[in-house]
Amino acid sequence: MVALAVGERAARDGVLRRRDGRVVATVPTERVYSTPELLALEQRIIRYARDSQDARVGIARARAIERAIAARPMLAGEQAVMVRRLTEEWAGVAVVVGEAGTGKTLALAAAREAWEASGRRVIGVAIARRAARELELDAGISATSVGALLEQLRRRPVSAIPPRAVLVVDEAGMVSTRQLVARVDHAAARGAKLALVGDHRQLPELEAGGAFRALTTLLPAIELHETAARSRGGSAVRLPCFAMDRSSRPFSDTKTTGALWSRTTRTIYDANLWRTGGRRATPRARS
């Protein structure tokens, strides 16, 4: 074990996730411990992310980028910037940070279209199969779970991540350091771009983590701040965020006001305006 400095790497928002899944408060000044193995893995991730900023991978053609953005008039300014930075910048590792509802998935759909039109294969992965299915439905990115991709990489490493592909890791803030370093190693070996998308300020990793949070501070992260819904006409509608109580129920739908709010993401939506990517009428707090 290695004792870190007091307060260093303290859990985000002063909480820790227990083995049983419960989240408990931490003491800000308590000493934090790690292992030489985990510290070495984190350094490997950070070193590759920094060294690959000029790797010239995952670049889409300018015409394909503009066509994908123009096809989605509901994209807000921040989301269009996200599409352009993901598809134009040369970095081997790109980091996208934004709360639920800021339009990350909508922007990923446009980026996926631009990449594919430029001959890039786009692969998605998420901690849970449910999240992977939503990434596939909402962004059109063929996706699977972290565990399933690891198994594919063991059996068929070449076909699981083809050369010059783009690997999108959704909910990257919940991916452990060991799981993330495996993604990095395979992406590096195949000359693939790694797009890490998530919010390190929400739920912590299920296992030992902290690498994604470190990358958000060490790399020029793409940040989304505005929460927006989609009107029936397809235009973006900014919505306010409010603090929510910590109930076990994920959503509350008030019939009288039409307001849908997520207790887990602390975001409130207008259920009459919300539409994900212009295809679903069911209010949702995914981004």
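Only the coordinates and a few stated rules stand behind these numbers; no lab work does. Everything numeric in this text was worked out from a predicted model, so none of it was measured. For neighbour counting, all protein chains shown are included, and Cβ atoms are generated from backbone atoms with ideal geometry for every residue, glycine included.
Data for the structure
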quantity	calculated
Length released on extending from residue 35 to residue 61, taking residue separation times 0.36 nm less the Cα-Cα span	5.0 nm
Rg and Dmax [Cα atoms of region 95-206; Å; Rg one decimal, Dmax integer]	12.9, 37
Overall Cα dimensions of region 99-158, principal axis frame, Å, largest first	34, 28, 16
Relative exposure of 142, 159, 52, judged by other C-beta atoms within 10 Å (fewest first)	159, 142, 52
Footprinting exposure proxy for 116, 99, 37 (fewest neighbouring C-beta atoms within 10 Å first)	37, 116, 99
Residue order, fewest to most surrounding Cβ atoms within 10 angstrom, among 108, 137	137, 108
Residues of region 114-131 with amide N under 12 Å of a point placed 7 Å along Cα→Cβ from residue 70	none
Extension gain, residue 217 back to residue 53 (0.36 nm per residue minus Cα-Cα distance, nm)	57.6 nm
Most to least packed among 70-78, 191-199 [average Cβ atoms within 10 Å]	191-199, 70-78
Cα pair distances exceeding 22 angstrom across region 36-124, given as percent	33 percent
Region 60-156: relative contact order as a whole-number percent, Cα under 8 Å and 6+ apart	28 percent
Inter-site label distance for residue 142 and residue 185 at 7 Å from Cα along Cβ, in nm	2.5 nm
